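The block underneath contains the structure these notes are about, expressed in structure tokens.
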Ligand code: NAD
């Protein structure tokens with residue numbers, strides 16, 4: 001649908017000059033965690049040859065391009081060495097009683113919350129985000145650790161199953177660890193994505209071979225260091241540091257299952273490689289997530305939700321909102337309020353709670369956001385607020401941006417921007433809103449705002465997305481870790497969270513015991529007679545509800 005330009009009273013208005021910003025661009029204090037980073041090098045599997053090849057990995061802060069720390073660089077040969085070490089460690093780990101393993105993760109939960117200031121500093125410095133968005137990662141990691149530590153034993157416990165012939169066959173289902181789980185994670189949520197998939201993998205008795213993004217490896221290493229302090233054996237999770245394209249093939253070859261979070265094009269490539277290896281994989285990929293504001297929505301709550309949904313982690317959140325559909329009766333008021341709230345957001349790099357939005361994470365992200373905005377501007381988009389880089393605040397800051405009048409010819413109409421840019425469109429009927437929400441190749445997350453939550457729930461089930469949040473943008477479904485999370489369509493394969501999020505790291509095995517009579521014709525009974533017995537038995541079973 002072409003957006004109805006006439007609905008916007010602000011059409012044609014020039015975007016206002018700037019958002020609020022903090023006074024200092026450079027962090028005023030030196031965070032203590034920086035002094036510990038050198039010790040994390042021991043957790044990276046890297047031989048001296050790696051350093052000779054590409055040189056050490058240098059991690060720069062997006063806030064000001066200052067050097068946070070360095071790590072040794074891993075090579076494909078290091079991945080082979082890591083695999084050999086993990087195989088040995090996994091055998092012993094899988095034999096440990098489940099309760100021993102669970103204790104480690106409950107301890108991790110407590111110490112993570114106790115020591116959150118340290119990791120909040122580190123996430124902010126590595127990923128360039130505001131502290132409140134770094135906090136989401138700490139909360140997520142704690143929730144996931146608690147959930148699986150408490151519930152994994154029950155999910156993985158052997159189950160008695162109905163046997164082939166009641167009374168004669170008994171069957172049980174067992175879940176065995178797959179072995180080595182390869183986990184390749186992105187830079188946008190370096191703690192969450194670096195550790196929350198590893199937790200169920202480890203609890204299920206696997207070893208983990210992890211490759212964080214080279215922009216943000218330290219948050220994952222910090223978490224691993226804490227897990228080791230909590231009792232995790234040093235050899236059961238090993239990290240390799242290198243470019244995905246360089247280490248990817250050897251990681252796949254070394255793994256028994258792949259957990260990947262990242263872009264859809266990389267996910268497709270890795271799924272094809274995993275397929276050729278006949279290896280399972282779970283892929284958490286991109287999104288172009290819609291939010292629907294229905295005619296009866298609480299306007300101010302929806303505006304606050306739109307701000308959170310669109311600009312958390314400067315929009316570099318796979319489940320953030322990039323398309324906002326607002327009922328035409330509310331459209332003008334909504335846009336005006338949304339612009340006002342967005343303009344008051346405070347941008348900055350302070351390592352405290354004073355800023356609302358941080359920086360983009362890399363020059364690549366800044367280039368994508370800039371390209372999308374310039375393309376849309378050239379094709380006549382209305383920039384209601386934002387639309388500009390803010391080099392005065394730091395090299396990668398970009399203003400939270402609201403657009404109206406977006407048309408299908410514009411790149412950002414359908415492509416994921418993965419930045420602080422949201423397009424607002426009017427709709428006339430709920431049916432039309434659902435159709436608009438579904439008109440995308442992606443299906444990761446969606447949000448519906450309405451005072452009629454029953455109506456919203458019915459609408460939610462018609463939206464093709466792995467999570468749908470009602471009267472919240474993304475946090476309600478993300479935080480409900482007993483329920484699965486993942487993508488429809490090009491947004492992924494498989495799920496994290498819930499029983500799906502741990503069963504995928506296991507092989508199901510059925511063990512069946514036959515007693516009394518074999519499932520074959522007894523000696524002296526012709527096969528034809530046995531066939532009649534079995535036919536009668538199946539007909540009888542069909543009529544016995546307790547046994548079928
Ligand atoms: P990316 O695919 O380029 O990189 C992600 C990770 O994969 C990095 O560690 C990278 O080194 C590695 N990698 C890249 N090419 C590889 C290859 N050929 N073989 C093996 N590993 C390889 O993704 P990105 O652009 O850096 O990350 C942003 C994307 O991630 C966005 O599209 C976003 O939506 C998505 N994302 C999705 C989720 C989710 O849960 N669905 C969460 C966070 C990010």
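Read-outs throughout are calculated quantities, based only on the coordinates presented, and are distinct from any laboratory measurement. From a predicted model like this one, the values you see are computed outputs, not experimental measurements. Here the Cβ positions follow ideal geometry from the backbone for every residue, glycine too, while neighbour counts run over all protein chains shown.
Figures for the structure shown
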item: Helix 217-229 axis, angle to the chain major axis (alpha carbon atoms, nearest 10°); result: 50
item: For 235, 136, order by how many other beta-carbon atoms lie within 10 Å, fewest first; result: 235, 136
item: Scaled radius of gyration (Cα, divided by 2.2 N^0.38 Å) that region 413-548 gives; result: 1.77
item: Cα-derived Rg to Rh of region 474-527, Kirkwood definition; result: 1.43
item: The chain: angle of helix 331-343 to the longest principal axis, Cα-based, in degrees nearest 10; result: 80
item: The chain: antiparallel DSSP beta bridges as a percent of all, rounded to 5; result: 35
item: Alpha-carbon centroid distance for the pair region 437-464 / region 162-208, whole angstrom; result: 30
item: Residue-span extension gain [residue 272 to residue 173] - 0.36 nm each, minus C-alpha spacing; result: 32.7 nm
item: Semi-axes of the equivalent ellipsoid for region 152-285, Cα gyration tensor, largest first, Å; result: 31, 19, 12
item: Packing-based exposure ordering (other Cβ within 10 Å, fewest first) of 236, 321; result: 236, 321
item: Estimated FRET transfer efficiency when R0 is 25 angstrom, pair residue 461-residue 279 (beta carbons, to 0.05); result: 0.15
item: Interatomic Cα distance distribution for region 250-323, bins of 10 angstrom, percent; result: 18, 33, 21, 18, 9, 1
item: Size descriptor, Kirkwood hydrodynamic radius, that averages inverse alpha-carbon separations across the chain, Å; result: 25.1
item: Likely footprinting exposure, 104, 155, 519, 183, fewest C-beta neighbours within 10 Å first; result: 519, 155, 104, 183
item: Over region 411-474 - Rg/Rh using Cα atoms and the Kirkwood inverse-distance radius; result: 0.95
item: Region 94-132-region 360-409 distance, computed between alpha-carbon centres (Å); result: 34
item: Binned Cα-Cα distances of region 128-211, short to long, each 5 Å bin given as a whole percent; result: 3, 13, 17, 16, 15, 11, 8, 6, 4, 3, 2, 1, 0
item: Nearest-ten-degree value, helix 244-254 long axis tilted from longest Cα axis of the chain; result: 10
